[in-house]
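*Asks:* After the structure tokens below, expect a handful of questions from me.
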Amino acid sequence: MPVVVIANPKGGAGKSTLSTNVAGYFASKGHAVMLGDADVQQSSKLWLSLRPEAANPITTWELQADLVLTAKPPRGTTHVVIDTPGGLGGWRFKEVVSRADKVMIPIMPSIFDMYAAQAFITQLREVTKGTKTRVGIVGMRVDERTIAANKLREFMETLDVPIISFLRDTQYYLHMAAHGLSLFDLHRSKVEKDLLQWQPICDWLES
């Protein structure tokens, strides 16, 4: 059962946006998806509460955020996505990483966000050394053709962590979140440009 963890030490990096859309992608493929929300803000759980009944089903754990990492997913679950809190550390950090097949780190291309993630990524690589856990970066709210995107690429090269894709800054994510939807719940013609940006992420998730 694939377990994808979305993590970043800094709040406001786009973890819940990435988590809900990864869960939406898996659900669009007909998988039995569990979206676990380990963040005290419970943004992903709120998103699920807004999700229309007609949308592809996604379940969650009915547990307190602090207990999610030690629980088992509901019976029949085939894919797990975990939205983590900012500043994840200590035993909770090791617990969630030990369960992950893949760890995705959303980072915005500001100097503050990049350096805030540096120590976290270094620690993550130490914890995953010798395991099959894959780690990848997603550049958030950035055009991949910009200087900011190049700076993020250069920075990640120093840490030897691949950038999977860049997601542009668009109001679609805000509008979708307000209705419990993901890109993969909308008609392709409405979000063609965004789905193209998501294709490398989907390929990485399936690899």
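The values are calculated or read from the model by the stated rules, or taken from the named source; none is laboratory data. Computed from a prediction, not measured in an experiment: that's the story for all the values here. Quick reminder, even Gly has a Cβ in these numbers, built from the backbone with ideal geometry, and neighbours come from all protein chains shown.
*Asks:* Which ones in the stretch 126-142 are exposed (fewer than 15 other Cβ atoms within 10 Å of the Cβ) and either touching a strand residue (DSSP E or B) at 6+ places or on another chain (Cβ under 8 Å) or not basic (Lys, Arg) (or both)?
*Replies:* Correct list: GLU126, GLY130, THR131.
*Asks:* Go through the stretch 20-30 and give me each residue that's touching a helix residue (DSSP H, G or I) at 6+ places or on another chain (Cβ under 9 Å) and either outside any helix (DSSP H, G or I) or surrounded by 18 or more Cβ atoms within 10 Å (Cβ to Cβ) (or both). Quick ask: steps written out before the conclusion?
*Replies:* First, the residues of the stretch 20-30 that are touching a helix residue (DSSP H, G or I) at 6+ places or on another chain (Cβ under 9 Å): 20-29.
Correct list: THR20, ASN21, VAL22, ALA23, GLY24, TYR25, PHE26, ALA27, LYS29.
*Asks:* Looking at ASP160, is it among the acidic types (Asp, Glu), closer than 23 Å to LEU48 by Cα and either surrounded by 15 or more Cβ atoms within 10 Å (Cβ to Cβ) or out of contact with any strand residue (DSSP E or B) (no Cβ under 7 Å at 6 or more places or on another chain) (or both)?
*Replies:* For ASP160, the condition - among the acidic types (Asp, Glu), closer than 23 Å to LEU48 by Cα and either surrounded by 15 or more Cβ atoms within 10 Å (Cβ to Cβ) or out of contact with any strand residue (DSSP E or B) (no Cβ under 7 Å at 6 or more places or on another chain) (or both) - is not met.
*Asks:* Here's a check for you: in the stretch 70-84, which residue that is surrounded by fewer than 22 Cβ atoms within 10 Å (Cβ to Cβ) and at pLDDT below 90 is nearest to LEU18 (Cα to Cα)?
*Replies:* Out of the qualifying residues, it is PRO73.
*Asks:* Only one of (1) at negative phi; (2) under 17 Å from the mean Cα position of the chain (by Cα) fails for GLY180. Which number is that?
*Replies:* GLY180 satisfies all of (1) at negative phi; (2) under 17 Å from the mean Cα position of the chain (by Cα) except (1).
*Asks:* Scan the stretch 196-207 residue by residue and report those that are farther than 18 Å from ALA148 by Cβ and surrounded by 15 or more Cβ atoms within 10 Å (Cβ to Cβ). Talk me through it step by step, then tell me what you get.
*Replies:* Going through the stretch 196-207, the residues farther than 18 Å from ALA148 by Cβ turn out to be 196, 198-207.
Within the stretch 196-207, TRP198, PRO200, ILE201, CYS202, TRP204, LEU205 qualify.
*Asks:* Follow-up question, since we're still on this one. Does GLY11 meet the test of being of a type in the set (Gly, Ala, Ser) and at pLDDT 95 or above? Spell out how you get there, then give the answer.
*Replies:* Working: of a type in the set (Gly, Ala, Ser): yes; at pLDDT 95 or above: no.
Taking the combined requirement at face value, the residue does not satisfy it.
*Asks:* Same structure, new question: Within the stretch 109-140, track down each residue that is aliphatic (A, V, I, L, M) and under 13 Å from the mean Cα position of the chain (by Cα).
*Replies:* Result: VAL135, ILE137, VAL138, MET140.
*Asks:* Could you list, in sequence order, the residues of the stretch 109-138 that are more than 19 Å from ASN150 (Cβ to Cβ) and acidic (Asp, Glu)?
*Replies:* Once the filter is applied, which keeps residues that are more than 19 Å from ASN150 (Cβ to Cβ) and acidic (Asp, Glu), the stretch 109-138 yields only GLU126.
*Asks:* Okay, moving on. Just wondering, is there one or more residues in the stretch 179-191 that are of a type outside the set (S, T, N, Q), without any contact (Cβ under 8 Å) to a residue 24 or more places away in the chain and surrounded by 14 or more Cβ atoms within 10 Å (Cβ to Cβ)? Spell out the reasoning first.
*Replies:* Pass one, the stretch 179-191, residues of a type outside the set (S, T, N, Q): 179-181, 183-188, 190-191.
Subsequent filtering for residues that are without any contact (Cβ under 8 Å) to a residue 24 or more places away in the chain retains 186-188, 190-191.
Still in the list and also surrounded by 14 or more Cβ atoms within 10 Å (Cβ to Cβ): 186, 191.
Yes.
*Asks:* Determine which member of the set THR128, THR158, THR146 is touching a helix residue (DSSP H, G or I) at 6+ places or on another chain (Cβ under 8 Å) and of a type in the set (Ser, Thr, Tyr).
*Replies:* Just a single option satisfies the conditions, and that option is THR128.
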